[in-house]
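J.: My questions will all concern the structure given below.
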Amino acid sequence: MIEQHIGVDGHCFHDGHGKLILNQEGVMAAKAYILMKVKAGKAQDVLTTLKALPEVEQAHACFGQPDIFGLVNASDDRALSNLIMTKIHTIPGVEETDTHIVVQE
């Protein structure tokens, strides 16, 4: 089975219909919720910058903590890590992120 071939438990990383979520190369795609704390007065600027990133499916500013919730899609875990560390963390105003990787839809 493909789960054994790529080394994941058959109960994880499914699309809700019993199928693994894979990208075109047969590697598990990475979808995650990114919760962001931003500097006061910077939420709109951060939100605008996030929405311009092609990997960002949704981004919403909210009252309370965290300030922004984002839903992102990346081709794999490495691309997700790169997105967070080189794109999201470098947006002026982003102070902290908390990443929650989706394992089942």
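J.: Going by what's in this entry, would V103 be described as modelled with pLDDT under 95 and not polar (S, T, N, Q)?
T.: yes
J.: What is the residue count in region 67-76 for residues that are surrounded by fewer than 18 Cβ atoms within 10 Å (Cβ to Cβ) and either β-branched (V, I, T) or farther than 13 Å from E55 by Cβ (or both)?
T.: Residues in region 67-76 being surrounded by fewer than 18 Cβ atoms within 10 Å (Cβ to Cβ) and either β-branched (V, I, T) or farther than 13 Å from E55 by Cβ (or both): 1 in total.
J.: Look at P54 and say whether it is out of contact with any Pro (no Cβ under 6 Å at 6 or more places or on another chain) and closer than 20 Å to A30 by Cα. Quick ask: steps written out before the conclusion?
T.: Working: out of contact with any Pro (no Cβ under 6 Å at 6 or more places or on another chain): yes; closer than 20 Å to A30 by Cα: yes.
In short, yes.
So that you can scan it fast, the table gives a plain yes or no per residue for (1) touching a strand residue (DSSP E or B) at 6+ places or on another chain (Cβ under 7 Å); (2) at pLDDT below 95; (3) in a strand (DSSP E or B):
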position	(1), (2), (3)
E25	no, yes, no
L35	yes, no, yes
D45	no, no, no
E57	yes, no, yes
Q65	yes, yes, no
R78	no, yes, no
I84	yes, no, no
K87	no, no, no
I91	no, no, no
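J.: Can we say H5 is at pLDDT 95 or above, loosely packed, with under 15 Cβ neighbours inside 10 Å and not in a loop (DSSP other than H, G, I, E, B)?
T.: Spelling it out, it is not the case that H5 is at pLDDT 95 or above, loosely packed, with under 15 Cβ neighbours inside 10 Å and not in a loop (DSSP other than H, G, I, E, B).
The values are calculated or read from the model by the stated rules, or taken from the named source; none is laboratory data. Because the structure is predicted, anything quoted here is derived from the model rather than measured. So basically every Cβ, Gly included, is an ideal-geometry build from the backbone, and we count neighbours across all protein chains shown.
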